[in-house]
1. Looking at (1) at pLDDT below 95; (2) exposed (fewer than 14 other Cβ atoms within 10 Å of the Cβ); (3) of a type in the set (A, V, I, L, M), which is the one condition that is false for Leu31?
2. What pairs come out if I take residues in the range 38-65 that are over 30 Å from Gly104 (Cα atoms) and of a type in the set (Gly, Ala, Ser) and pair them with residues that are open to solvent by 80 Å² or more (accessible area, probe 1.4 Å) and in a strand (DSSP E or B) whose C-beta lies under 7 Å away, six or more apart or interchain?
3. Only residues that are surrounded by fewer than 18 Cβ atoms within 10 Å (Cβ to Cβ) and either in a helix (DSSP H, G or I) or at pLDDT below 95 (or both): list them for the range 105-126, please.
4. Across the range 62-99, what is the total count of residues that are surrounded by fewer than 17 Cβ atoms within 10 Å (Cβ to Cβ), among the aliphatic types (A, V, I, L, M) and at pLDDT below 90?
5. Looking at the range 210-229 only, could you name the residues that are among the small types (Gly, Ala, Ser), under 19 Å from the mean Cα position of the chain (by Cα) and open to solvent by 50 Å² or more (accessible area, probe 1.4 Å)?
6. Assess whether Asp102 counts as being of a type in the set (D, E, K, R) and open to solvent by 40 Å² or more (accessible area, probe 1.4 Å).
7. Of all strands (runs of 3 or more DSSP E) completely enclosed by the range 224-323, which ones contain at least 2 residues that are of a type in the set (A, V, I, L, M, F, W, C), closer than 24 Å to Gly39 by Cβ and modelled with pLDDT of 95 or more?
8. Among strands (runs of 3 or more DSSP E) lying entirely in the range 140-215, which contain 1 or more residues that are small (Gly, Ala, Ser), more than 22 Å from Phe122 (Cβ to Cβ) and touching a Phe, Trp or Tyr at 6+ places or on another chain (Cβ under 8 Å)?
Amino acid sequence: MNKVTVSILMLATAAGAHAKTSIYGEANARLQFENIDGGSSLSIDGSLSEFGYKGEQTLSEQETAFFDIGLGVNALGDSLGVSNGIISYPGLKVGQIGLRGDFGEISAFYDHSPVSKINHYFKLMKNDPDSIRYLLSDNGGLSPTGIYKVDGLSYQSPLIENNITINAALVPAEDPDGTTGISFAGRYDQGDIDVSVGFEVNVEQDSSQLFKVAGEYQTGKLKLGGQVQMSSSSDTDYSSRNFAGFVKLPLKFSQLETNNRIMAGFTTLTNPADDTVDQFYISGLQEIPWTSKVSTYSFVEVLMYNDLEDTRTVIGSGLKIGF
């Protein structure tokens with residue numbers, strides 16, 4: 001059963017639950033110019049658009065049942081499906097059904113694992129046009145990169161000592177010969193300092209391990225942050241090391257309030273013969289929020305890959321309208 005069929009069935013089930021529900025989403029379109037060593041192209045893309053349906057049902061004074069089913073859609077296209085965890089259009093973007101209360105939150109989910117969710121530090125908008133895939137070096141499955149979505153069972157603790165949360169997930173094997181995955185992350189949020197650390201095994205692929213530590217520090221309106229990520233696969237004998245950082249700063253140009261972020265990352269991929277291939281990525285993103293629901297944005301990103309010998313550059317701007 002594909003993700004589109006699953007999402008439709010989940011929406012139908014939720015609609016009959018008589019829960020307190022709401023519809024949410026975002027229409028997002030951008031014009032972008034892409035240049036690679038082999039040539040260049042100009043395109044209009046609506047693939048960051050989404051549509052979702054969520055709600056909750058009170059069970060008692062302490063417990064609540066909830067659901068969230070979100071679809072990734074292309075507002076300007078009609079291709080279908082989900083491939084390798086990357087949404088085509090339409091496709092299930094997030095699915096979650098569970099219970100929350102004084103004990104925390106327990107749910108069945110289709111989403112990023114607890115370790116992959118640590119990538120939230122780099123986000124400026126809900127759906128950024130510059131790619132976390134390239135920042136973390138999507139290497140075609142040679143080793144886990146912490147960018148793909150999975151399904152499983154998760155638990156998130158309530159606040160511990162007012163600033164610590166723990167998130168753990170069990171990710172079942174996709175086939176009888178597969179291995180069950182485990183993902184664990186902890187977060188310490190003390191106002192100006194926000195740090196997360198996580199470790200997972202057999203999540204994106206069998207016989208793999210991924211470790212990540214990331215965080216940010218805020219001083220005034222300025223946010224500085226970064227991460228270290230290490231992963232390996234005993235099936236392919238490849239390993240990956242990534243170091244990344246970002247700066248976020250709201251700035252005022254004339255009468256316009258803007259949100260700005262620069263992020264950069266360096267990745268080294270090591271093969272079974274201990275040969276290494278390096279990749280460098282840098283991007284800049286600016287958002288101009290005209291209202292709480294409407295924003296325009298502009299971005300540029302540069303990827304140097306194949307041991308920094310090849311370059312991919314993308315420049316674009318877009319409009320997003322939330323509801």
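The values are calculated or read from the model by the stated rules, or taken from the named source; none is laboratory data. Computed from a prediction, not measured in an experiment: that's the story for all the values here. Cβ placement follows ideal geometry from the backbone for every residue including glycine, while neighbour counts extend to all protein chains displayed. Only protein heavy atoms, including side chains, enter the accessible area calculation; ligands, DNA and RNA are left aside. Shrake-Rupley method; radii C 1.70, N 1.55, O 1.52, S 1.80 Å.
1. Leu31 satisfies all of (1) at pLDDT below 95; (2) exposed (fewer than 14 other Cβ atoms within 10 Å of the Cβ); (3) of a type in the set (A, V, I, L, M) except (1).
2. Close Cβ pairs satisfying both conditions: Ser40/Phe33.
3. Across the range 105-126, the qualifying residues are His120, Lys126.
4. Final tally of qualifying residues: 3.
5. none
6. On the way: of a type in the set (D, E, K, R): yes; open to solvent by 40 Å² or more (accessible area, probe 1.4 Å): yes.
Yes: the conditions hold for Asp102.
7. 276-289, 294-305, 310-322
8. 150-156, 164-171
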